[in-house]
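Q: Here you go, one structure.
The values are calculated or read from the model by the stated rules, or taken from the named source; none is laboratory data. Owing to the predicted nature of the structure, the values given are computational and were not obtained by experimental measurement. Backbone-built Cβ (ideal geometry, glycine too); neighbour counts: all protein chains shown.
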Amino acid sequence: MVQRSVIAVIDIGKTNAKVALVDRDLLTEVAVVTQPNQVLPAPPYPHFDVDSIYKFIISSLTKFATEFAIVAVSVTTHGACCALIDDNGELVTPVMDYEFEGLESTSDAYDEIRPEFSETGSPRLAVGLNLGAQIFWLFNNFPEIKIRTKHIVTYAQYWSFQLTGILRNELTSLGCHTDLWDPNQSKYSSMVCKLGWLDKMAPVAKANEQLGPVLPKVSLQTGLQQNVPVYCGIHDSNASLLPHLVMEKGPFSVVSTGTWVIAMAIDSAQTELDPKRDTLINVNGFGNPVPSARFMGGREFEVLMANRKHKFEPEDVEFILQNNVILLPSVMQNSGPFQGRQHHWTVEPARLSDGQYYVAVSYYLAMMTASCLSLIGGKGKKIVEGPFSKNELYCDMLATATSSPVQPSRGTGTSIGAAILTLENYNSSTALSQEQFETSQYLKSYAERWLHIVKGDRPLVIN
């Protein structure tokens, strides 16, 4: 029997790690395995369990290699993360979880040295969401770590290195609010040079650069052919964007959903980005700047819906609209367009049924997304990637709030985007669903009311 030719995608999200197989010809997922992306507590600080992830990757590839013909491997990961590598190719220190709050001890000193937003397109973010803040804290608190560090490697490329032995950095990973990259000049930021980090930065490669075949030990462990190529890899929200950059024409926006909701505007309206509202410049797979905005929507959904069912009936929608049941920002206060605000409801949420609650939460997430798109001048069709693409309540309200069509994307955008890196030609229109959500007059007054209350920055009490 002829085995199906597939691309193996290693996809390390903030919440889950997965290995997905993407059909090389159809560009659809044909198999996937996942495990939680566990954060280990201190000492020396909260960090990712890379040993567990590596074992998971190897065991997954081993299983899949017996069932499919794996012809290439690609990588995509969450941002705000890097690995510090010594002369022997080993980690100098564990890979830090960017939600580590201990970075505050050097935040004032870091603020004095970090580049201006006008240079990097990186806003000053909380905890370790600016990658430069992590490196600064490590090097200042542990001088021996700075001495031992020979290579600073972005996170997706750390995993490419584990498979190939080749060290590289990559543009989309450097360009996602790290403070390390000047997207307009396409070079490292002035801070990297001032702090003497430049010689430690691994060489820069494009996301679709073939680094080399898998290492002999990886081939032996997994059963992969020794000539299977591994590609450099890409930041996850840019993986979601990549298929649409290739296929779409004219102004459009992509909303990548997961732990983070990332809104990215292509050919956007001219607007001045406000770094205090979590707008930023990302760098896309072609190396070009992309106005972006974000909030921790997936985490908010997880927190809000922890003990609730994810189902609703039409009468739940009717109840929410007629009774003006509104959730206002922000559930996660240290990021997003309304940072520092304490979220509140216009009714007592405990009185809501699970279906009513789910409707209100979905509408809240859509309105937060619409606010992000407004801040970056997003024009044209809105393409939704990831879990929220399956939420019709979210898509309905987003189309209404933005007065533009919303089209969900099939499958998981990160895996398909990462798989595309391995192809010389990509000419498929299968990524988008045929379903399209349009502005609803039925929902319009709700969206307007949400915006009116938010702009007033005050609770609205409804009995």
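Q: Among the residues of the range 10-23, is there at least one that is assigned to a strand (DSSP E or B), closer than 17 Å to PRO94 by Cβ and among the small types (Gly, Ala, Ser)?
A: yes
Q: Consider GLN322 carefully, then state whether it is farther than 27 Å from THR414 by Cβ, free of Cβ contacts under 8 Å to residues at least 12 places away in the same chain and out of contact with any helix residue (DSSP H, G or I) (no Cβ under 9 Å at 6 or more places or on another chain). Even if it seems obvious, please write down each step before you answer.
A: On the way: farther than 27 Å from THR414 by Cβ: yes; free of Cβ contacts under 8 Å to residues at least 12 places away in the same chain: yes; out of contact with any helix residue (DSSP H, G or I) (no Cβ under 9 Å at 6 or more places or on another chain): yes.
The answer is yes for GLN322.
Q: Return the residue satisfying two criteria in turn: it lies in the range 403-462 and is modelled with pLDDT under 90 and hydrophobic (A, V, I, L, M, F, W, C), and of such residues it is surrounded by the most Cβ atoms within 10 Å (Cβ to Cβ).
A: Among residues in the range 403-462 that are modelled with pLDDT under 90 and hydrophobic (A, V, I, L, M, F, W, C), the one surrounded by the most Cβ atoms within 10 Å (Cβ to Cβ) is ALA431.
Q: If you scan the range 293-315, which residues turn out to be in contact with a Ser or Thr (Cβ under 7 Å, 6 or more places away or on another chain) and among the small types (Gly, Ala, Ser)?
A: Result: ALA293, GLY297, GLY298.
Q: Considering only the range 117-207, give the helices (runs of 4 or more DSSP H) lying wholly within it that have at least 2 residues that are among the polar types (S, T, N, Q) and without any contact (Cβ under 8 Å) to a residue 60 or more places away in the chain. Steps first, answer last, please.
A: Details: elements: 117-120, 131-141, 143-148, 155-164, 171-174, 190-194.
Here the list reads 131-141.
Q: Could you list, in sequence order, the residues of the range 66-116 that are in contact (Cβ under 8 Å) with a residue 40 or more places away in the chain, among the small types (Gly, Ala, Ser) and in a helix (DSSP H, G or I)?
A: GLY102
Q: I want to confirm something. Restricting to the range 364-405 and keeping residues that are among the hydroxyl-bearing types (Ser, Thr, Tyr), part of a helix (DSSP H, G or I) and out of contact with any Pro (no Cβ under 9 Å at 6 or more places or on another chain), which single residue is farthest from ASP278 (Cα to Cα)?
A: Step one: of the range 364-405, the residues among the hydroxyl-bearing types (Ser, Thr, Tyr) are 364, 369, 371, 374, 389, 394, 400, 402-404.
From what's left, part of a helix (DSSP H, G or I): 364, 369, 371, 374, 389, 394, 400, 402.
Restricting the remaining residues to those that are out of contact with any Pro (no Cβ under 9 Å at 6 or more places or on another chain) gives 369, 394, 400, 402.
On the way: THR369: 12, TYR394: 21, THR400: 23, THR402: 19 Å.
Checked the range 364-405; the qualifying residue farthest from ASP278 (Cα to Cα) is THR400.
Q: Here's a follow-up. For the range 48-85, how many residues meet the condition of being of a type in the set (A, V, I, L, M) and touching a helix residue (DSSP H, G or I) at 6+ places or on another chain (Cβ under 6 Å)?
A: Counting residues in the range 48-85 that are of a type in the set (A, V, I, L, M) and touching a helix residue (DSSP H, G or I) at 6+ places or on another chain (Cβ under 6 Å) gives 6.
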